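Have a look at the structure below, then the notes.
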Amino acid sequence: MNNHAIRCDDPIFRRIPVTLKLYRPETEELHAQAFRPSPRDIDGLSVSRGKTDHHPEFLSLEQVAEVGRNPQGYFVAELSLISLNSHNIQVVPDPKDDDPGHCLIPSLRYQKPRPSEMLELMELLKQLTIRVHGPFIPEVSADSEL
């Protein structure tokens, strides 16, 4: 079996920086801007397939949060690949050294100005979100406080 083949039951994770305030845990309100591509997303929106029995090498949702660059931490939105496929949203493998389950949603890439189709797709991804986990805040070691 191709190690990068995408299975219908693969969970899909999207990191949401805590600092952007795009998710409010007290009301469980998620903003569509959580799915806005960043300037680094020129080939598509970055997401990650989660660890499963079929892909134990992929990251858990906690690990997906840990490999992010934001020192304030992340929430992690969970989506279903079945739901994405049912809306014709393509997810393609794009493995990275620190995230072998890394994927792209090529229909949602960084561009200015944002066309209305992009905003509609961001809203659809928000609606397809199963749940938001976290926040996952990096632990500060005693050495880093010196």
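Every read-out reported here was derived from the displayed coordinates using simple, explicitly stated rules and does not represent laboratory data. Here the structure is a predicted model, which means the values were calculated and not measured. FYI the Cβ positions are ideal-geometry reconstructions off the backbone, even for glycines, and counts take in every protein chain you see.
Before moving on, here are some points about what is shown:
- Extreme residue, nearest to Val64 (Cα to Cα), among residues of region 12-34 that are out of contact with any Phe, Trp or Tyr (no Cβ under 9 Å at 6 or more places or on another chain) and not in a helix (DSSP H, G or I): Phe13
- Filter pass, Ala77 being part of a helix (DSSP H, G or I), touching a residue at least 40 places away in the same chain (Cβ under 8 Å), surrounded by 20 or more Cβ atoms within 10 Å (Cβ to Cβ) and in contact with a Lys or Arg (Cβ under 9 Å, 6 or more places away or on another chain): no
- Inspection of region 93-102 finds a residue satisfying the criterion of being among the basic types (Lys, Arg), loosely packed, with under 14 Cβ neighbours inside 10 Å and under 18 Å from Pro11 (Cβ atoms).
- Boolean, Leu124 is in a loop (DSSP other than H, G, I, E, B) and at negative phi: no
- Looking across region 94-114 at every residue that is assigned to a loop (DSSP other than H, G, I, E, B) and either among the small types (Gly, Ala, Ser) or in contact with a Ser or Thr (Cβ under 6 Å, 6 or more places away or on another chain) (or both), the one that is nearest to Phe58 (Cα to Cα) is identified as Gly101.
- Answer from Pro56, Pro71, Pro37 - the residue that is touching a Gly at 6+ places or on another chain (Cβ under 9 Å) and either within 24 Å of Pro113 (Cα to Cα) or in a loop (DSSP other than H, G, I, E, B) (or both): Pro37
- Region 59-68, residues that are part of a loop (DSSP other than H, G, I, E, B), touching a Lys or Arg at 6+ places or on another chain (Cβ under 7 Å) and touching a residue at least 12 places away in the same chain (Cβ under 8 Å): Leu59, Gly68
- Tally of residues being surrounded by 21 or more Cβ atoms within 10 Å (Cβ to Cβ) and of a type outside the set (Val, Ile, Thr) across region 62-74: 2
- From the list Glu117, Glu139, the lone residue that is part of a loop (DSSP other than H, G, I, E, B) and of a type outside the set (A, V, I, L, M) is Glu139.
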